Amino acid sequence: GLVTGTVLGLYEDTRYKSEGKKPVLKSVDFIGLGSGAEIEKKLKYAEDVSTAVIFGKELVNSPANVLTPAVLAEEASKIASTYSDVFTATILDAKKCEELKMGSYLGVAAASANPPHFIHLCYKPSSGPVKTKLALVGKGLTFDSGGYNIKTGAGCSIELMKFDMGGSAAVLGAAKAIGQVKPPGVEVHFIVAACENMISGTGMRPGDVVTASNGKTIEVNNTDAEGRLTLADALVYACNQGVEKIIDLATLTGACVVALGPSIAGVFTPSDDLAKEVFTAAEASGEKLWRMPLEESYWDNMKSGVADMVNTGGRQGGAITAALFLKQFVDEKVQWMHIDMAGPVWNDKKRAATGFGIGTLVEWVLLNSSS
């Protein structure tokens with residue numbers, strides 16, 4: 001904690017400032033921590049995770065005219081090439097996604113001049129058997145205008161909607177750390193359906209019906225509930241990788257921020273075992289989570305007259321109905337958790353990203369490894 005706090009506390013993102021960079025502290029000596037291989041290993045781990053958190057922060061801080069879906073895919077590919085002994089990268093273009101029948105994801109992407117990029121990194125240890133297969137799925141909206149249900153009015157924060165890819169930053173940040181740590185006995189799939197939610201003549205309209213890759217149909221009653229539409233196809237894809245456990249992370253609902261405030265993420269899962277694992281990981285990382293109910297009776301609000309479901313169920317219980325929506329795209333045999341991180345992704349006082357989720361994800365992967 002001391003090392004992580006020092007590294008992250010000293011960091012400031014000045015990439016987009018015209019003034020010269022401030023003096024940089026080159027080294028810090030910690031006295032009294034002891035010595036030897038074990039302490040060196042712990043210090044190295046803290047440095048690896050801190051570096052990954054800074055990487056995630058910089059992704060979220062990057063403006064949408066810089067960090068397009070293509071650039072996010074490039075950043076993911078760099079991780080795979082840097083750690084090519086344990087990583088492979090697959091980047092799917094719109095045509096390939098169409099072949100996979102990802103109509104929900106492509107519906108969101110349809111309005112933007114920046115084409116979608118579906119990102120899949122796979123971590124496999126270079127040696128030894130794999131005992132567990134995991135997937136981390138991150139929402140990757142590099143900008144969210146709201147679409148035809150455009151974000152308007154006080155508090156809509158449209159100017160901050162570059163942070164709507166905070167879930168993908170957590171997933172890719174975790175990938176970067178895992179590439180350094182190289183945990184044995186665990187295979188991890190890092191999945192991001194990257195795109196923009198924009199407005200144009202080719203865009204998705206309120207009332208349109210889209211078909212996800214598992215065949216389920218969705219009446220889009222609000223184009224600003226787009227993140228769940230992209231995650232629907234990403235979750236189906238994750239299940240098709242043969243994984244046993246999935247965590248998805250998303251800046252999904254304002255309702256979760258209203259419920260839990262700016263520093264706590266909401267956790268939704270039908271699995272008590274998975275909840276225990278993730279809360280253990282969060283305690284180790286120092287990140288704040290709170291388990292929320294998956295109230296099945298609220299699904300009545302998500303029924304459509306023309307399709308299998310609508311994509312929003314009204315203001316009441318909005319974070320819960322969003323989670324119930326995602327549940328429709330997860331295989332029942334797979335343990336699944338949804339983390340709504342709309343609050344803690346961003347620090348309003350510092351006007352900067354927090355790097356939330358990365359530490360917890362890395363700890364969770366290690367819990368499931370042979371290390």
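Quick note: the coordinates plus some simple rules give every number you see, no bench work behind them. Predicted model only: the values in this text are computed from it and were never measured. A quick note on method: Cβ atoms are made from the backbone with ideal geometry, for glycine too, and the neighbour counts reach across all protein chains shown.
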Open item on the list: Quick one: the Cα spread of the stretch 172-227 along its three principal axes, in angstroms, biggest first?
Closed with: 47, 25, 16
- [ ] Within 10 Å, count the other beta carbons around each residue, average over each peptide in 276-289, 176-189, and list them highest first.
- [x] 176-189, 276-289
TODO: Might you report the magnitude of the Cβ-based charge dipole of the chain about its Cα centre, with Lys and Arg at +1 and Asp and Glu at -1, to the nearest 20 debye?
DONE: 580 debye
Open item on the list: Could you tell me how many cubic angstrom of Cα convex hull volume the stretch 184-297 has per residue?
Closed with: 156 Å³
Task: FRET efficiency, Lys17 to Asp308 (Cβ-Cβ, R0 41 Å, nearest 0.05) - done: 0.25
Task: Ordering of 85-98, 339-352 by burial proxy (mean other Cβ atoms within 10 Å per residue, highest first) - done: 339-352, 85-98
Task: Selection from Asn214, Thr90, Ala319 lying farthest towards where the dipole of the chain points positive, charges on Cβ - done: Thr90
TODO: Considering only DSSP beta bridges where both residues belong to the chain, give the percentage that are antiparallel (nearest 5).
DONE: 45 percent
Open item on the list: How would Tyr237, Tyr11 line up from fewest to most surrounding beta-carbon atoms within 10 angstrom?
Closed with: Tyr11, Tyr237
Open item on the list: For the chain, set up a GNM with springs between Cα atoms under 10 Å and report which of Thr312, Thr82, Thr152 has the largest fluctuation.
Closed with: Thr152
- [ ] Could you pull out every one of the aspartates and glutamates with an alpha carbon less than 18 Å from that of Lys182, ignoring same-chain neighbours closer than 8 positions?
- [x] Glu38, Glu40, Glu47, Asp48, Asp85, Glu363
- [ ] Would you work out which of Met198, Ala76, Ala109 lies farthest towards the positive end of the dipole of the chain, given +1 charges on the beta-carbon of Lys and Arg and -1 on that of Asp and Glu, about the Cα centre?
- [x] Ala76
- [ ] Return P(r) of the chain (all Cα-Cα pairs; 10 Å bins starting at 0; whole %; ordered from short to long distances).
- [x] 5, 26, 36, 23, 8, 2, 0
- [ ] Classify the stretch 241-303 as rounded, prolate or oblate from the Cα gyration tensor: take a ≥ b ≥ c as the square roots of its eigenvalues, call it rounded if a/c is under 1.5, otherwise prolate when a/b beats b/c and oblate if not.
- [x] oblate
Task: Fewest-first ranking of Val258, Val192, using other Cβ atoms within 10 Å as the exposure measure - done: Val258, Val192
Open item on the list: Taking 8 Å as the Cα distance limit and 6 or more residues as the minimum spacing, I'd like the relative contact order of the chain as a percentage.
Closed with: 20 percent
TODO: Please tell me which of these pairs span more than 18 angstrom C-alpha to C-alpha: Lys57/Lys350; Lys96/Lys176; Lys245/Lys333; Lys42/Lys245?
DONE: Lys96/Lys176; Lys42/Lys245
Task: Members of Lys133/Lys303; Lys41/Lys276; Lys17/Lys349; Lys101/Lys303 lying beyond 30 Å, as alpha-carbon distances in this model show - done: Lys133/Lys303
Task: Ranked by how many other beta carbons lie within 10 Å on average, peptides 223-233, 62-72 from highest - done: 223-233, 62-72
